[in-house]
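Notes follow the structure.
The values are calculated or read from the model by the stated rules, or taken from the named source; none is laboratory data. Everything numeric in this text was worked out from a predicted model, so none of it was measured. Glycine also receives a Cβ, built like all others from the backbone with ideal geometry; neighbour counts cover every protein chain displayed. Note: accessible area is taken over every heavy atom of the protein model, side chains too, but ligands, DNA and RNA are not part of it. Shrake-Rupley method; radii C 1.70, N 1.55, O 1.52, S 1.80 Å.
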Amino acid sequence: MKTFMQAILAGTALCLMAGPGLAQDKPKAEVMHWWTSGGEAAAIKTFAQAYQKAGGVWVDDATAGGENSRAAAINRMIGGNPPTAAQFNTGKQFDDLVSQGLIRPIEDLAEKGGWKDKMPPSLVAAASRDGKLYALPIDVHGQNWTFYSKDVLAKAGIDKLPDNWDDLIPALQKIKQAGFTPLALGGQPWQEHVLFNSILLSVGGKDLYLKVYRDKDEKAVRSDGFRKAVEVFGKLRGLVDAGSPGRNWNDATNLLITDKAAIQVMGDWAKGEFTNAGKTPGKDYGCTIGLADKMLMVGGDVFVFPKVDDPAKKKAQDLLAETMISPEAQIAFNRAKGSMPIRSDVDTSSFDACAQKGLKLLHDKDRQVPVFDILISASLVGAVDDVLTQFWNNPDAKPDAVVNGFVDAFQMYG
Ligand code: GAL
């Protein structure tokens, strides 16, 4: 027996010393992200597979919930034990990390790859500091989609999803009377702000949305258009189900997939859940941008690459960035994720009918606005979330609570 074990151990030792091509020689990337739903996991898996195919070793470090994942990544970097890469939203969430010198600029890689002129200028700008790229955008997510169950609408006698909120509210009330959940929502502050911002853009239009979030204009916040958006948001408080508080966004999407709820207002990452469930847009469910396919709220995701001294770690980062931005990886990842490719030179003919609508608006600078994560600081996002979630959770709260809350938040963090 002893001889047998000695032979096994010797054989193992030989394998480990066998030379090139083994795991310890390959570039290794520990990637921190929050993509834990069915669709998200299927999407990030395509990146992992592409990295392995390119000769890398992928170490997946997923944390559920954007806020949790970002906090974990920031702690790792501040603590001097950074991952190879970490996910953030395109925008201002990683500003402090850049100002503390903890993030590596990737302008060199971008120049070598000619990436920037193939990306939407608004997202390049949102990922750049002092003219240099400090984060790699890897998708374009529209954030103001309205997904709907064709089955629930039909059973409730709604022939067509109304293209404005004045008509949609009574339709949702009719759906409630028919015994279905009108609005599928996870009662979490970020989901409530996705809903409110989509209503603000639909009801107030591009100018008002930009005057509020880009200009922090008090007159705009005190305008009739803003108040109208708050009133619509308030009416929806009675059109969610009892299970809404605290529900994860993808569980809300599942209420549509299983034809229990009528609509969900959410980013097109929700489409990744339909795709993962084998559902086809137009056939199994519907999608509109806003309510009338007029104006796209453009955001997305980036990966930041912490500054590292070890040349092997830097090489692993280079390979990871070049792999994720490659046309092949962009097609596989974004089709699974529900998003649109960040590169304009990618063949999108295989993307679904919803993505085709999104791409049309994405290529028209007059038909889009940035998500508010690009326009306001992370602290102001938090303050706005507090105002909206307090209003959402208090059925007696009046619109003035939101109007005054926004004015105060802008004065404090604007
Ligand atoms: C967003 C992110 C998406 C999506 C969503 C839900 O912030 O941009 O990629 O996955 O969170 O987790």
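Results, tabulated for the structure shown:
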read-out	value
All helices (runs of 4 or more DSSP H) inside region 293-376 with 1 or more residues being within 16 Å of the ligand (Cβ to nearest atom), open to solvent by 10 Å² or more (accessible area, probe 1.4 Å) and in contact with a helix residue (DSSP H, G or I) (Cβ under 8 Å, 6 or more places away or on another chain)	327-337, 372-375
Some residue of region 232-240 being open to solvent by 50 Å² or more (accessible area, probe 1.4 Å) and within 24 Å of K337 (Cβ to Cβ)	no
Tabulated pairs, region 204-228, first surrounded by fewer than 21 Cβ atoms within 10 Å (Cβ to Cβ), second modelled with pLDDT under 95, C-beta under 8 angstrom, 6+ apart or interchain	K216/G414
Those residues of region 252-276 which are farther than 22 Å from Q173 by Cα and open to solvent by 50 Å² or more (accessible area, probe 1.4 Å), in sequence order	T275, N276
Candidate set: region 133-157, residues that are assigned to a loop (DSSP other than H, G, I, E, B) and touching a residue at least 60 places away in the same chain (Cβ under 8 Å); chosen: the one farthest from P281 (Cα to Cα)	Y134
Residues located in region 43-60, provided they are touching a Ser or Thr at 6+ places or on another chain (Cβ under 9 Å) and open to solvent by 40 Å² or more (accessible area, probe 1.4 Å)	K53, A54, V59
Qualifying positions in region 120-169 - out of contact with any Asp or Glu (no Cβ under 7 Å at 6 or more places or on another chain), open to solvent by less than 40 Å² (accessible area, probe 1.4 Å) and within 16 Å of the ligand (Cβ to nearest atom)	P120, L123, A126, A127, A135, L136, P137, V140, Q143, N144, F147
Hits in region 277-318 (condition: at pLDDT 95 or above and of a type in the set (K, R))	K279, K294, K307, K313, K314, K315
Leading residue by the ranking (nearest to the ligand (Cβ to nearest atom)) among those in region 187-199 that are open to solvent by less than 40 Å² (accessible area, probe 1.4 Å) and closer than 15 Å to L380 by Cβ	H193
